[in-house]
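The values are calculated or read from the model by the stated rules, or taken from the named source; none is laboratory data. Computed from a predicted model, the values in this text were never measured in an experiment. As a convention, Cβ positions derive from the backbone with ideal geometry for all residues, glycine included, and neighbour counts pool all protein chains shown. Remember, those area values only see protein heavy atoms, side chains included, never the ligands or the DNA or RNA. Shrake-Rupley method; radii C 1.70, N 1.55, O 1.52, S 1.80 Å.
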Amino acid sequence: MGAESKSEKKLVPGTQTLSRGLALLELVGEGLSDVRGIAERLDIPRSTAARMLSNLVAEGYLHHIPYRGYTLGPKLILLGQRATEQRPLVSIAHPFLEALAQETRDTVHFGVLDRGEVLYLEKLSGTRGLEMRSRVGSRMPVASTGLGKSMMMARPKREWQAFYQDAWTFAATQPDRPPLCSFDALCADLTEAAARGWTYDLEENEWGIRCIGAPVRDASGQAIAAVSVASAITFMPEDRMERLGPTVARIAREISESLGWRADQ
């Protein structure tokens, strides 16, 4: 151990200000748009929040709309686009996702497992004019999403309980979400999905929306991502879902092969 103890360590000058600024941007990204609400969430004076917001608007990180509040600004949009472009995984997967979107005309999602949640990296909206709650950069529980279940089924069964508990905890705070099935029912569902190679999401993440998902593997064989096709029940009857399953699995396999995975390994 070094001579410097934890109590002796000091924050780098400006660290607290930077942390607050980043937290403020995250709040605006989540939809909180007024000075009062932001100040309360950050536990800072309204004058301080107003000054931070003004500075971020001046630098282009936020945009202010009179009588409506604050939204993410053009500089963040540009940085977000660059971040997506710089992620090799997204760059490799994108052509395959586009092909799937064109073939199905439905919404295509692509995401990874990040800190115990599904992180959405790509969303290609379908041509049917449907709106879904998913957004690039948003997070959802693993055990109640098509993407999450696809990665979950490819992971050791000893990890399933923790993912289920996280989804249960999240659902308890979201009364408008569909109810979670029992853990036994989920295990049976995942076992069947692993045998056929793709998962079904039957309104488990959003009312009225169904999807089919499949895992994407890297050169080591580990499921590092997943792809899914989602649409309203009207366009996703069970017989069509059964037909689309092999298609989604094929696209996931092609992305996996581009990452170095081989079926015979």
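Of the residues making up the stretch 57-87, just one is touching a Leu at 6+ places or on another chain (Cβ under 8 Å), open to solvent by 80 Å² or more (accessible area, probe 1.4 Å) and at pLDDT below 90, namely ARG87. Here is the figure for the stretch 206-236: residues that are open to solvent by 50 Å² or more (accessible area, probe 1.4 Å), of a type outside the set (Phe, Trp, Tyr) and outside any strand (DSSP E or B) total 5. Only residues that are open to solvent by 50 Å² or more (accessible area, probe 1.4 Å) and of a type outside the set (Ser, Thr, Tyr): list them for the stretch 114-129, please. The answer is ARG115, GLU117, ARG128, GLY129. Filter the stretch 153-191 for residues that are closer than 17 Å to ALA226 by Cβ, of a type in the set (D, E, K, R) and either assigned to a helix (DSSP H, G or I) or touching a helix residue (DSSP H, G or I) at 6+ places or on another chain (Cβ under 7 Å) (or both) and give the result. Selection gives GLU159, ASP166, ASP189. A count restricted to the stretch 137-151 and to residues that are touching a helix residue (DSSP H, G or I) at 6+ places or on another chain (Cβ under 8 Å) and farther than 14 Å from SER228 by Cβ stands at 3. Whenever a residue of the stretch 124-142 is more than 18 Å from ASP166 (Cα to Cα) and touching a residue at least 24 places away in the same chain (Cβ under 8 Å), its partners that are acidic (Asp, Glu) and buried (at least 16 other Cβ atoms within 10 Å of the Cβ), lying with C-beta atoms within less than 6 angstrom and at least six residues away or across chains, give the pairs GLY126/ASP106; ARG133/GLU206.
Any chance you could count how many residues in the stretch 91-111 are among the β-branched types (Val, Ile, Thr) and more than 17 Å from ASN205 (Cα to Cα)? Break it down stepwise before answering.
Filtering the stretch 91-111 down to residues among the β-branched types (Val, Ile, Thr) leaves 92, 104, 107-108.
Okay, now just the ones that are also more than 17 Å from ASN205 (Cα to Cα), so 92, 104.
Here the count works out to 2.
Being within 20 Å of ALA99 (Cβ to Cβ), touching a Phe, Trp or Tyr at 6+ places or on another chain (Cβ under 9 Å) and of a type in the set (Lys, Arg) is a condition met by at least one residue of the stretch 202-220. For the condition at pLDDT 90 or above, of a type in the set (Gly, Ala, Ser), more than 29 Å from MET140 (Cα to Cα) and part of a helix (DSSP H, G or I), SER7 does not qualify.
Going by what's in this entry, would GLU98 be described as open to solvent by 60 Å² or more (accessible area, probe 1.4 Å), farther than 19 Å from LEU25 by Cβ, within 17 Å of the chain's Cα centre (by Cα) and free of Cβ contacts under 8 Å to residues at least 40 places away in the same chain?
Details: open to solvent by 60 Å² or more (accessible area, probe 1.4 Å): yes; farther than 19 Å from LEU25 by Cβ: yes; within 17 Å of the chain's Cα centre (by Cα): no; free of Cβ contacts under 8 Å to residues at least 40 places away in the same chain: yes.
Criteria not met by GLU98.
If you go through the stretch 191-198 one residue at a time, do you hit one that is surrounded by 21 or more Cβ atoms within 10 Å (Cβ to Cβ) and within 20 Å of SER256 (Cβ to Cβ)? Within the stretch 191-198 (the criterion being surrounded by 21 or more Cβ atoms within 10 Å (Cβ to Cβ) and within 20 Å of SER256 (Cβ to Cβ)), the answer is yes, since at least one residue qualifies.
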